[in-house]
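First comes the structure, then the notes that go with it.
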Amino acid sequence: MAQQRLVQLSAQRPASTVCVLGTELALDVAGSYFAADGGVPLGRAMLYVTCVEVALEADGSRSGAPGRTLADKRLWTWGPEGHGAVLLVNCDREEPRAAGQHGEAAATRSYEDLKDMSQLVLRTRGPRAVFASHRLVLHVGYGDADKLGVFYGGPGPSVEDYKHVLGGQKLAYAVKPSRHHEENVFYVEALSFPDAAFDGLLSLHVTLLESAEKGSLETPVFTDTVVFRVAPWIMTPNTLAPAEVYVCSLADNQEFVVAVSALAQRAGCAVTVCPLLENRHDRWIQDEIEFGYVQAPHKTFPVVFDSPRDRGLKDFPVKRILGPDFGYVAREAPEGASGLDSFGNLEVSPPVTAQGKDFPLGRILVGSSFPRFGGRRMAKAVRDFLVAQRVQAPVELFSDWLAVGHVDEFLTFVPAPDRQGFRLLLASPSACYRLLKEKQEEGYGEATMFEGLKGVAKPSVNALLADEALRKFNAFAQSCISWNRDVLKRELGLAERDIVDVPQLFQGDGQAGARALFPDMVNMLVLGRHLGIPKPFGPVIRGQCYKKYPQIP
């Protein structure tokens, strides 16, 4: 519905008003000007109307540039047929600014900085005298001001002319339309990702103000509003084509670094080695960071999510990954981080359809103590952040039965050429016992595990099958994985044919939690068609390890 403005008329004196294009005027005649019999008029009222255009425009059609639209700019809807402009969070790092942070800076850094921002266009048309006698004010609500920054350079072409005009402590900016320009272009950036207390929607307004006489209070004539949504952080599944592999180098893992580098070369992706000086004896880089990206119609760039575990690799994401067009986001755990806050406990599925709903960006998977009461859970700040992004609706799985507690200890996804386009791999004690029993029946019961390794016991196939305590514990482990299997089938829309069981045994007890008995093959490195699978050191039969990885159907 168009905005409506009431104008009071008088038979004693002419009235004048400004009408903004697209609004309606309602006339208040303050009583009847006609006699009771409807005859001769009792008086005449004169109204002088000056029409102007005042409009805020953004990229509501998501074409990559601002444009006029018939859609309601105050509404924002999701999806390919949706409407509404998008803001990127300024979470990468270009050259340092002249002073302060983004929301407080005196000027933009470079044209590259402007390219990350979304344009907001203020269109004005009409007699210059109207704009000289009225004020145009661009403004933002107090609750939104700390979550965005608006920059304006006027008609000049120099990037140094772009000043921070709105956001932070700046709630309003008076715009002076140029004599020779009908468009004023502003650049807008977000400063906060959606989170528990922030739904991601931000509103900017322009208001035309008038005063009855110089020095008197101003009254609003017209307000136009544009709503932006902050682009969510989107996590990338490991079934996408790999771009770069990060690996930590320590004194005792040089063969591993060489093997990972060779695999990455075969997969055609770059390798970044984090040296001992930077990792500070922390080899678990998968537990420290997770990669994703942000996307708007005009720009896309990767963003690393830093976990609250904060061990030796704490500073690595900021010092080595954050940079131009590579963003950074982190969440803390004020209550103290647990093992479930490491990002081996954060995975995402490929695109799926489940229960009649499409998830084109997949669904995030996190481990929890559910369905068991008590126990460990991922930090509330991390869970709230993941839920607030909305586009990858998180699913809670049961991982607290594991000593470490990470979902990547019992599941992963690999690309496949058919059906869903992937397979879900699940660790399976049942499959492992079937394999061991098969080898025993073939006469290889005395074949031993862990050949070639020093300082570890080397149980035979017969010994493993005869260990009743081990079998009982793995029945427990299998029941936990089976619970997750059912959840994954339901929440990801999977059938049994989409799942591959990978032989694996666990050891431990119900108090300390489960650990892999031998290297966990599911916890692999997926680089497209190239898989870096942990060597399980299974029984060697005819020169071949028979804990081999199963063929993917």
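The values are calculated or read from the model by the stated rules, or taken from the named source; none is laboratory data. Worth saying up front: this structure is predicted, and the values here are computed from it rather than measured. So basically every Cβ, Gly included, is an ideal-geometry build from the backbone, and we count neighbours across all protein chains shown.
Structural remarks
- Condition met for Y328 (at pLDDT 95 or above, under 30 Å from G79 (Cβ atoms), in contact with a Ser or Thr (Cβ under 7 Å, 6 or more places away or on another chain) and aromatic (F, W, Y)): no
- Single residue of the stretch 412-470 satisfying the filter (among the acidic types (D, E) and part of a loop (DSSP other than H, G, I, E, B)) that is surrounded by the most Cβ atoms within 10 Å (Cβ to Cβ): D467
- Of all the residues in the stretch 327-382, those that are among the hydroxyl-bearing types (S, T, Y), touching a residue at least 60 places away in the same chain (Cβ under 8 Å) and assigned to a loop (DSSP other than H, G, I, E, B) number 3.
- When the residues of the stretch 161-191 are filtered to those that are among the hydroxyl-bearing types (S, T, Y) and in contact with a Gly (Cβ under 9 Å, 6 or more places away or on another chain), the one that is surrounded by the fewest Cβ atoms within 10 Å (Cβ to Cβ) is S178.
- Of the residues making up the stretch 247-275, those that are of a type in the set (A, V, I, L, M, F, W, C) and in contact with a Ser or Thr (Cβ under 6 Å, 6 or more places away or on another chain) are V257, V271, V273.
- Flag for L488 being closer than 27 Å to P415 by Cα and either in a loop (DSSP other than H, G, I, E, B) or in contact (Cβ under 8 Å) with a residue 24 or more places away in the chain (or both): yes
Here's the yes/no breakdown for (1) over 30 Å from G79 (Cα atoms); (2) of a type in the set (A, V, I, L, M, F, W, C); (3) surrounded by fewer than 22 Cβ atoms within 10 Å (Cβ to Cβ):
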residue: I285; (1), (2), (3): yes, yes, yes
residue: D310; (1), (2), (3): yes, no, yes
residue: L313; (1), (2), (3): yes, yes, no
residue: E332; (1), (2), (3): yes, no, yes
residue: E335; (1), (2), (3): yes, no, yes
residue: D341; (1), (2), (3): yes, no, no
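- N474 fulfils the conditions (1) in contact with a Leu (Cβ under 6 Å, 6 or more places away or on another chain); (2) in contact (Cβ under 8 Å) with a residue 60 or more places away in the chain except for a single criterion, (2).
- Count of residues meeting criterion [touching a strand residue (DSSP E or B) at 6+ places or on another chain (Cβ under 7 Å) and surrounded by fewer than 17 Cβ atoms within 10 Å (Cβ to Cβ)] in the stretch 145-156: 0
- Test: residue in the stretch 343-363 that is surrounded by fewer than 23 Cβ atoms within 10 Å (Cβ to Cβ), of a type outside the set (A, V, I, L, M) and within 30 Å of G510 (Cα to Cα): no
- Cross-chain or 6+ apart pairs with Cβ under 7 Å, the stretch 103-131 first and over 22 Å from A55 (Cβ atoms), then modelled with pLDDT of 85 or more and in a helix (DSSP H, G or I): T108/L114
- For the stretch 274-312, a residue qualifies if it is under 21 Å from T236 (Cα atoms) and of a type in the set (A, V, I, L, M), and the qualifying residues are I285, I289, V294, A296, V303, V304.
Residue by residue, here is whether (1) modelled with pLDDT of 95 or more; (2) touching a Leu at 6+ places or on another chain (Cβ under 8 Å) holds:
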{"site": "V456", "(1), (2)": "no, no"}
{"site": "A463", "(1), (2)": "yes, no"}
{"site": "N484", "(1), (2)": "yes, yes"}
{"site": "D501", "(1), (2)": "yes, yes"}
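- Restricting the stretch 290-307 to residues that are of a type in the set (V, I, T) and surrounded by 20 or more Cβ atoms within 10 Å (Cβ to Cβ), the residue that is nearest to Y187 (Cα to Cα): V294
- The stretch 491-519 - residue that is closer than 21 Å to F413 by Cβ and without any contact (Cβ under 8 Å) to a residue 60 or more places away in the chain and, of those, surrounded by the most Cβ atoms within 10 Å (Cβ to Cβ): P519
- The residues of the stretch 48-63 that are closer than 22 Å to V221 by Cβ and either of a type in the set (S, T, Y) or touching a helix residue (DSSP H, G or I) at 6+ places or on another chain (Cβ under 7 Å) (or both), listed by number, are Y48, T50, V52.
- Of all residues in the stretch 209-260 being more than 22 Å from the chain's Cα centre (by Cα) and hydroxyl-bearing (S, T, Y), the one that is farthest from A55 (Cα to Cα): S249
- Being touching a His at 6+ places or on another chain (Cβ under 9 Å) and not charged (D, E, K, R) holds for only one residue in N474, N484, N523, and it is N523.
- Checked against the criterion of being surrounded by fewer than 15 Cβ atoms within 10 Å (Cβ to Cβ) and either of a type outside the set (K, R) or on the phi < 0 side of the Ramachandran plot (or both), the candidates A243, A267 yield just one match: A243.
- Residue check, F450 at pLDDT 95 or above, hydrophobic (A, V, I, L, M, F, W, C) and within 44 Å of the chain's Cα centre (by Cα): no
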